[in-house]
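Notes follow the structure.
Read-outs throughout are calculated quantities, based only on the coordinates presented, and are distinct from any laboratory measurement. Not measured: the values here are computed from a predicted model. Note that we place each Cβ from the backbone using ideal geometry, even for glycine, and neighbour counts take in every protein chain shown.
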Amino acid sequence: MRSRTFTPTRSQVWTAARFIAQSVPPRILIVDDYVDSADALAAFLATCGFETRVAYNGCDALSIANEWHPDSIVLDIAMPGVSGLAVARTLRGSPATASVPLLAYTAYETGDNYAQLRDGGFDAVCAKPIDPLMVVEILTTLLGTAALRQVYSLRS
């Protein structure tokens, strides 16, 4: 069972996402081979103020991530060709993308594969189908964590 110290209401998540997006719109790359799912999530995140791009396969995801420099990546795991896990490992191996927060976005999530996903470089996991506001909450948390890491690295 996952413990939580803070459970925001839907309006708090929406407000937090809007506040972050108004200062500098966070760039979110959505990667999913299911086109409708990827496009719907990208459209929803865009209405929340995020700047979004979509990739429908692992190869395109790597190319876009290296050219566009997203602030976070929502990555499907089970994709034909290059899997999401392989993409995550490649991103973690590159200095340009090593610190980008990764959210595993999968229909096959189970408690048994958390360790594999964590070892593969994912910062968080969510199971499809999911309320898109929960994705906003997770991204807001991941982006806050990434910002804190940058502040602490500047202090060192």
_For a quick check of your reading of the model, give me the residue pairs whose first member lies in region 116-138 and is at negative phi, whose second is assigned to a loop (DSSP other than H, G, I, E, B) and crowded, with 21+ Cβ neighbours inside 10 Å, with beta-carbon atoms closer than 8 Å and at least 6 apart or on different chains._
Leu117/Ile77; Asp123/Pro101; Ala124/Pro101; Val136/Cys48
*asked:* Report every pair of residues separated by at least 6 positions or lying on different chains whose Cβ atoms are under 9 Å apart, first residue within region 53-65 and over 12 Å from Thr97 (Cβ atoms), second surrounded by fewer than 17 Cβ atoms within 10 Å (Cβ to Cβ) and of a type in the set (A, V, I, L, M, F, W, C).
replied: Arg53/Trp68; Val54/Val35; Tyr56/Val35; Asn57/Val82; Gly58/Val82; Gly58/Ala86; Cys59/Val82
